[in-house]
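Enquirer: Take a look at this one; I'll ask things after.
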Amino acid sequence: MKRQPRPNIRRGQSLVIDTEGRRRLTRSQKVGVAGVATLAGVALIGVVAGLLLDRLLDFDDALDAGGEWDEGGGVFTRWQ
């Protein structure tokens, strides 16, 4: 029994061609695109969350140690 010669295909080349004649993405290419999209999405969510926290929280109060450090003016005058 004689073996059939394999077609001359380079390793990693996709053979899946759509109806318009374009080569479709391989599995590893799809995973790469999905990974980049996920990282971009998480970064965008982080930026939006940071902006919201910055707008909603008044960090001057968070940095205020409390108590009077100058007589009569209170700690509020420290930030003016």
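The values are calculated or read from the model by the stated rules, or taken from the named source; none is laboratory data. Note that the coordinates shown come from a computational prediction; the quantities given were computed from them, not determined experimentally. Cβ: placed from backbone, ideal geometry, glycine included. Neighbour counts: every protein chain shown.
Enquirer: Any residue in the stretch 30-59 that's over 30 Å from residue 16 (Cα atoms): show its pairings with residues that are hydroxyl-bearing (Ser, Thr, Tyr) at Cβ separation under 9 Å, as long as the two are six or more apart or on different chains.
Expert: none
Enquirer: Right, residue 15: assigned to a loop (DSSP other than H, G, I, E, B), at pLDDT 75 or above and not β-branched (Val, Ile, Thr) or not? Even if it seems obvious, please write down each step before you answer.
Expert: Details: assigned to a loop (DSSP other than H, G, I, E, B): yes; at pLDDT 75 or above: no; not β-branched (Val, Ile, Thr): yes.
Judged against the criteria, residue 15 is not a match.
Enquirer: Turning to a different aspect of this structure: From the residues in the stretch 18-50 that are β-branched (Val, Ile, Thr) and assigned to a loop (DSSP other than H, G, I, E, B), which one is modelled with the highest pLDDT? Full working, then the answer.
Expert: First pass over the stretch 18-50, keeping only residues β-branched (Val, Ile, Thr): 19, 26, 31, 33, 36, 38, 42, 45, 47-48.
Right, trim to assigned to a loop (DSSP other than H, G, I, E, B) and you get 19, 26.
Values: 19: 80, 26: 84.
By that ranking, first place goes to 26.
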